[in-house]
Amino acid sequence: MREFDFIKAISKKKSVFFNPVIKGIGDDCAILPFNDTHDMIITADSLCEGVHFKKSYFSPWQIGAKSMAVNISDICAMGGIPKYAVVCIGFPGKTGDKYIEMMYSGIADFAENYGIDIIGGDTISSPQINITITVIGLVEKSMALRRDGAKAGDKIFVTGFLGDSHAGLKVLARKGNKKLRDYEYLPVKKHLAVSPRFFEARALLQSGLVNSCMDVSDGIISDITRICDESGTGAVIYADNLPVSYSALKIGADNHEDAAGYALYGGEDYELLFTVAEKNIAKFMKFAALNCVNASQTGVITGKKGIYIKQGAKIHKEDNKKIWNHF
Ligand code: ADP
Ligand code: MG
């Protein structure tokens, strides 16, 4: 079973709640009522050795920091502010004390940088390193940026560059010469050192102009599919407008591959993917410029279901076999 089918199956089973829930399964975070001014948002993500990272090219500190960063990215995807974390960590008994200490420093340093308090967790022995973190945050009442608000005609935007993380992974996985060329540093950094889009996310929330939003963890095609599933819409992605960096283009060429493919189907960029109604585009562009939100328009939401890719004058249905599949 594919990951998304599995999540759809469990969300069908969980449509009745015993307790107050504003949004359950289906968004970057669950949303719960908190007080008169704020809602509480909760997310959980796991990083597993051999699936999400290899010890050969991640330092223990980077493993810890990334496991916290990907959770903060989900809080940012809702426009919220992270507050608390629960950290569950598993590692083989033979792992050195220094290694574990550095890994935990990565988690704790990243949390401290965002003013997050680690309030609990669990430690177990496991065959590989495995870190699962739950982050709890707050967001202004009823203001959370959700996946389910996209409307037909909305323009699709993405912050920063897409495909760099996948390009960086290509470099890290290279056999033989490991020395980095100048243009390889930024993509490698994007893969190893995730930087959640906190400032951009808060600006998007404050603009009041964003209909839907999520963070790009699995590539724009996979992730726009999730916005569309939640919103009951379709989308056309403009392949010619994808924000692909000079570095990713060079790394693509080195590998005889089109870097647009890294942007469409590569994962782990942790940029923000969001939509704005067409009538608000001029206002939004002005707001984005004043608030230093670097966003590119890369598509449109459609009333017709299905995800299409427009390249030159041609439009074709996306090839979902290429979607990153964890199973
Ligand atoms: P993200 O990529 O933002 O972390 P996911 O694709 O992992 O989001 O998850 C999509 C939705 O499915 C989220 O609301 C998440 O909480 C929910 N989800 C994922 N796995 C499970 C599970 N095993 N049980 C319940 N809910 C889950
Ligand atoms: Mg997410």
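The values are calculated or read from the model by the stated rules, or taken from the named source; none is laboratory data. These numbers come from a predicted model, not from an experiment. Note that each Cβ is placed from the backbone with ideal geometry, even for glycine, and that neighbours are counted across all protein chains shown. With ligands, DNA and RNA removed, areas are computed over all heavy atoms of the protein, side chains included. Shrake-Rupley method; radii C 1.70, N 1.55, O 1.52, S 1.80 Å.
Which one of the conditions (1) within 16 Å of ligand 2 (Cβ to nearest atom); (2) open to solvent by 50 Å² or more (accessible area, probe 1.4 Å) does Ser56 fail to meet, given that it meets all the rest?
Looking at each condition in turn, Ser56 falls short on (1).
Of all residues in the range 198-234, count the ones that are among the polar types (S, T, N, Q), in a helix (DSSP H, G or I) and more than 16 Å from ligand 1 (Cβ to nearest atom).
2
So, in the range 3-44, how many residues would count as being surrounded by 15 or more Cβ atoms within 10 Å (Cβ to Cβ), in a loop (DSSP other than H, G, I, E, B) and within 16 Å of ligand 2 (Cβ to nearest atom)?
Going through the range 3-44 one residue at a time, the tally reaches 4.
Can Gly50 be described as modelled with pLDDT under 95 and either over 17 Å from Gly121 (Cα atoms) or away from ligand 1 (no atom under 15 Å from the Cβ) (or both)?
Spelling it out, Gly50 is indeed modelled with pLDDT under 95 and either over 17 Å from Gly121 (Cα atoms) or away from ligand 1 (no atom under 15 Å from the Cβ) (or both).
Name the pairs whose Cβ atoms lie under 7 Å apart, with the first residue in the range 236-264 and loosely packed, with under 15 Cβ neighbours inside 10 Å, the second β-branched (Val, Ile, Thr), and 6 or more positions between them or separate chains?
Note: pairs meeting the criteria are Asn241/Thr298.
Yes/no per residue for (1) surrounded by 11 or more Cβ atoms within 10 Å (Cβ to Cβ); (2) among the polar types (S, T, N, Q):
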| residue | (1), (2) |
| --- | --- |
| Tyr270 | yes, no |
| Ile281 | yes, no |
| Met285 | yes, no |
| Cys292 | no, no |
| Gln297 | yes, yes |
| Gly306 | yes, no |
| Ile309 | yes, no |
| Lys314 | no, no |
| Asp319 | yes, no |
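Condition check ((1) open to solvent by less than 20 Å² (accessible area, probe 1.4 Å); (2) touching a strand residue (DSSP E or B) at 6+ places or on another chain (Cβ under 9 Å)) across all residues:
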| residue | (1), (2) |
| --- | --- |
| Thr132 | no, yes |
| Leu138 | no, yes |
| Asp148 | no, yes |
| Asp154 | yes, yes |
| Asp164 | yes, no |
| Leu169 | no, no |
| Tyr183 | no, no |
| Pro187 | yes, no |
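Working only within the range 59-77, note down all residues that are open to solvent by 10 Å² or more (accessible area, probe 1.4 Å) and either of a type in the set (A, V, I, L, M, F, W, C) or more than 14 Å from ligand 1 (Cβ to nearest atom) (or both).
Selection gives Ser59, Pro60, Trp61, Gln62.
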